[in-house]
Amino acid sequence: MVEIPRKTVDAIYSFHHDCQADSRPHLGCSLIGSDCERNLWLTFRNALRPDFSGRMIRLFKRGKVEESIFATELKAIGCELIMGDDAGKQFLVEWHGGHFAGSVDGIIASGVIEAPNTPHLLEIKTINDRGYKELEKKGLKIARPRYYAQVQVYMKGKKLKRCLFLATNKNTDAIYMERVRYDAKAANYYVNLAKKIIEIPTPPERLPDTAECKWCDYRELCHGKQMPRSYCRTCAHSTPKLDGHRRWVCEKFGCDIDYDVQTAGTCPKHLYIPDLINCYDFVEATDEWVKYRNPVNGYEFKNGDRHELDERDVYTSAELASINPVIQGNAALTMVRDDLGGTV
């Protein structure tokens, strides 16, 4: 095989990787159909910073391209299509103080050939050949329950009884179509599930490590030795509020937390929610610190404000996020920190 230089391709991928946004500030309607509540909670709490490859980011953006293609085609065959509000923004549906939300691809006011006078939610996806064939065989509800949950919630939010679901086969460009009926019971279940996820202060029960977990972004956090990111939403002092709009409150300082402050991750008072930590054993806790034991070597330490506590073996959350748990308690590491004043 001839090796071809690909610096231009690598540069394109790097561009997309470096431009990727941080986690969304809300729990997305597109995720609520997940069968793992812990995954939903970790996503809402932004427990890990997104780090998709440039190729994957570029692939995600292809979905937006498909939306514009379908919009042109639907208008050409006589559909009265509304893709957003007067300001050109996608229609938004949201509940629970904006903590549960999603953007609708569009609304077809009229003109769907199968039911010309019936308004339809419009949902557009791209899908690989295997997934496409599964859709054809089983239908949306069985083949893609997350998509099904998403359109049910969207129909509830926009008070619609039908959805025109369209998916393009990325291998063949064939189009799958399904007119989905509104199911009020299902929609209410997912909206109530979102409220539960938002309000519970600790992550739901960890499911067994199965083949499905292999594809989850949080697998190493749940079943391995990965530490969550150190920022407001993983802190025991932070609480989402349903009054206001996407409001978070710091119980430690008694103040609201702007989203930019949340993602900065610079607060020295940050205390990890103990149930988030899988790689260390919980020992005891106060309002100011949490003590853990490293199961690898028995080393005990506190998570807290190192300067305020003025003790040995105290680590800020930012330090713990940077330490490989395997070496936590290493004699050289603790000597440099506690005797020489170093910081991880």
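Listed values, structure above:
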{"item": "Within the range 159-177, tally of residues that are assigned to a loop (DSSP other than H, G, I, E, B) and either surrounded by 19 or more Cβ atoms within 10 Å (Cβ to Cβ) or not acidic (Asp, Glu) (or both)", "result": "7"}
{"item": "Only listed residue being open to solvent by 30 Å² or more (accessible area, probe 1.4 Å) and not in a loop (DSSP other than H, G, I, E, B), chosen from His245, His307", "result": "His307"}
{"item": "Filter result (modelled with pLDDT of 85 or more, over 33 Å from the mean Cα position of the chain (by Cα) and either among the polar types (S, T, N, Q) or within 21 Å of Glu288 (Cα to Cα) (or both)) within the range 314-344", "result": "Asn330"}
{"item": "Some residue of the range 56-69 being touching a residue at least 60 places away in the same chain (Cβ under 8 Å) and surrounded by 15 or more Cβ atoms within 10 Å (Cβ to Cβ)", "result": "yes"}
{"item": "Residues within the range 87-124 that are under 28 Å from the mean Cα position of the chain (by Cα) and assigned to a strand (DSSP E or B), tallied", "result": "17"}
{"item": "Single residue of Val180, Val261 found to be assigned to a helix (DSSP H, G or I) and β-branched (Val, Ile, Thr)", "result": "Val261"}
{"item": "Extreme residue, most open to solvent (accessible area, probe 1.4 Å), among residues of the range 185-239 that are of a type in the set (Ser, Thr, Tyr) and without any contact (Cβ under 8 Å) to a residue 40 or more places away in the chain", "result": "Tyr189"}
{"item": "Criterion (modelled with pLDDT of 95 or more and on the phi > 0 side of the Ramachandran plot) met by exactly one of Gly88, Gly131, Gly98", "result": "Gly98"}
{"item": "Tyr182 vs. criteria of a type in the set (Phe, Trp, Tyr), open to solvent by 50 Å² or more (accessible area, probe 1.4 Å) and in contact with a helix residue (DSSP H, G or I) (Cβ under 9 Å, 6 or more places away or on another chain)", "result": "yes"}
{"item": "Odd one out for Ile198 among (1) under 20 Å from Pro325 (Cα atoms); (2) modelled with pLDDT of 95 or more", "result": "(1)"}
{"item": "Any hit, the range 138-145, residues being under 30 Å from Pro240 (Cα atoms), open to solvent by 20 Å² or more (accessible area, probe 1.4 Å) and touching a Ser or Thr at 6+ places or on another chain (Cβ under 9 Å)", "result": "yes"}
{"item": "Residue satisfying condition, being at negative phi and open to solvent by 40 Å² or more (accessible area, probe 1.4 Å), within set Ala21, Ala47", "result": "Ala21"}
{"item": "Helices (runs of 4 or more DSSP H) (entirely within the range 1-81) containing at least 2 residues that are at pLDDT 95 or above and within 12 Å of the chain's Cα centre (by Cα)", "result": "37-44"}
{"item": "The range 70-81, subset surrounded by 15 or more Cβ atoms within 10 Å (Cβ to Cβ) and without any contact (Cβ under 8 Å) to a residue 40 or more places away in the chain, residue nearest to Ser14 (Cα to Cα)", "result": "Ala71"}
{"item": "Candidate set: the range 240-255, residues that are free of Cβ contacts under 8 Å to residues at least 60 places away in the same chain and among the charged types (D, E, K, R); chosen: the one nearest to Lys291 (Cα to Cα)", "result": "Lys252"}
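Here is a yes/no grid of residues against (1) without any contact (Cβ under 8 Å) to a residue 60 or more places away in the chain; (2) assigned to a helix (DSSP H, G or I); (3) of a type in the set (Val, Ile, Thr):
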position: Pro268; (1), (2), (3): yes, no, no
position: Val283; (1), (2), (3): yes, no, yes
position: Lys291; (1), (2), (3): yes, no, no
position: Pro295; (1), (2), (3): yes, no, no
position: Lys302; (1), (2), (3): yes, no, no
position: Glu311; (1), (2), (3): yes, no, no
position: Leu320; (1), (2), (3): no, yes, no
position: Val326; (1), (2), (3): no, yes, yes
position: Leu340; (1), (2), (3): yes, no, no
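The values are calculated or read from the model by the stated rules, or taken from the named source; none is laboratory data. Worth saying up front: this structure is predicted, and the values here are computed from it rather than measured. Note that each Cβ is placed from the backbone with ideal geometry, even for glycine, and that neighbours are counted across all protein chains shown. Quick note on the areas: whole protein, heavy atoms, side chains included, nothing else; ligands and nucleic acids left out. Shrake-Rupley method; radii C 1.70, N 1.55, O 1.52, S 1.80 Å.
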